[in-house]
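What follows is one structure encoded as structure tokens, with my remarks underneath.
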């Protein structure tokens, strides 16, 4: 089943565009790629039925630029269309170490000290709170929030589902993601916000 008849990909780097073109060369649908800044998309208003942003928004290094990117995604989607954004949860309640790191990183004075002593990440990392994202996206229509990857990267890579504790952990994660998708967004590492544009 085809999910769409035409796909347009956007990236800020030529390398990203080249990799996307190569990996989609045998795709069953028409794929186009364009180098562009997500804060100023080169498309007409309402040009698309849907916009999907996966693990991009939190690599924009300022809240105001993230807000501009959200507004641009909504602008290029037609009324009745969908904007879906997969983002990192800066305060995952089920993972206390990441929760504390997020709180320290975002505290005005402690955050400055934390950024001085930690090694600089290869990409900017500024996940905004889920509520902040919901309010920005909610200006364009109703927003649904679901978990989309509750486990941390470490948990995902190191904890196997074949031993006692790991098996129990993965069972609980799957159950929460299935039965309480909104709750799992706040408990876990990643969330997806889906907005149907109303006008």
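Cβ contacts < 7 Å: first residue assigned by TED's automatic domain parsing to the domain that holds residue 133, restricted to segment 58-73; second residue surrounded by fewer than 19 Cβ atoms within 10 Å (Cβ to Cβ) and part of a helix (DSSP H, G or I), any location; separation 6+ or different chain. Result?
Short answer, once both residue conditions are applied: none.
Going by the conditions given, is residue 121 in a loop (DSSP other than H, G, I, E, B) and surrounded by 12 or more Cβ atoms within 10 Å (Cβ to Cβ)? Reasoning before the result, please.
Details: in a loop (DSSP other than H, G, I, E, B): yes; surrounded by 12 or more Cβ atoms within 10 Å (Cβ to Cβ): no.
Criteria not met by residue 121.
Can you name the number of the only condition in (1) modelled with pLDDT under 95; (2) surrounded by fewer than 17 Cβ atoms within 10 Å (Cβ to Cβ) that residue 94 fails?
All conditions pass for residue 94, except number (2).
Among the residues of segment 137-154, is there at least one that is more than 30 Å from residue 77 (Cα to Cα) and part of a helix (DSSP H, G or I)? Reasoning before the result, please.
From segment 137-154, those more than 30 Å from residue 77 (Cα to Cα) are 151-154; that's our starting set.
Among the residues that remain, those that are also part of a helix (DSSP H, G or I) are: 153-154.
Yes, some residue in segment 137-154 is more than 30 Å from residue 77 (Cα to Cα) and part of a helix (DSSP H, G or I).
Which of the numbered conditions does residue 167 fail, given that it passes all the others? Conditions: (1) modelled with pLDDT of 95 or more; (2) not assigned by TED's automatic domain parsing to the domain that holds residue 137.
Among (1) modelled with pLDDT of 95 or more; (2) not assigned by TED's automatic domain parsing to the domain that holds residue 137, residue 167 violates only (1).
Yes or no: residue 50 touching a helix residue (DSSP H, G or I) at 6+ places or on another chain (Cβ under 6 Å) and closer than 22 Å to residue 148 by Cα?
Numbers: touching a helix residue (DSSP H, G or I) at 6+ places or on another chain (Cβ under 6 Å): no; closer than 22 Å to residue 148 by Cα: yes.
Taking the combined requirement at face value, the residue does not satisfy it.
The values are calculated or read from the model by the stated rules, or taken from the named source; none is laboratory data. Small disclaimer: the values here were computed from a predicted structure and weren't measured. In this analysis, Cβ positions are derived from the backbone assuming ideal geometry, glycine residues included, and neighbour counts consider all displayed protein chains.
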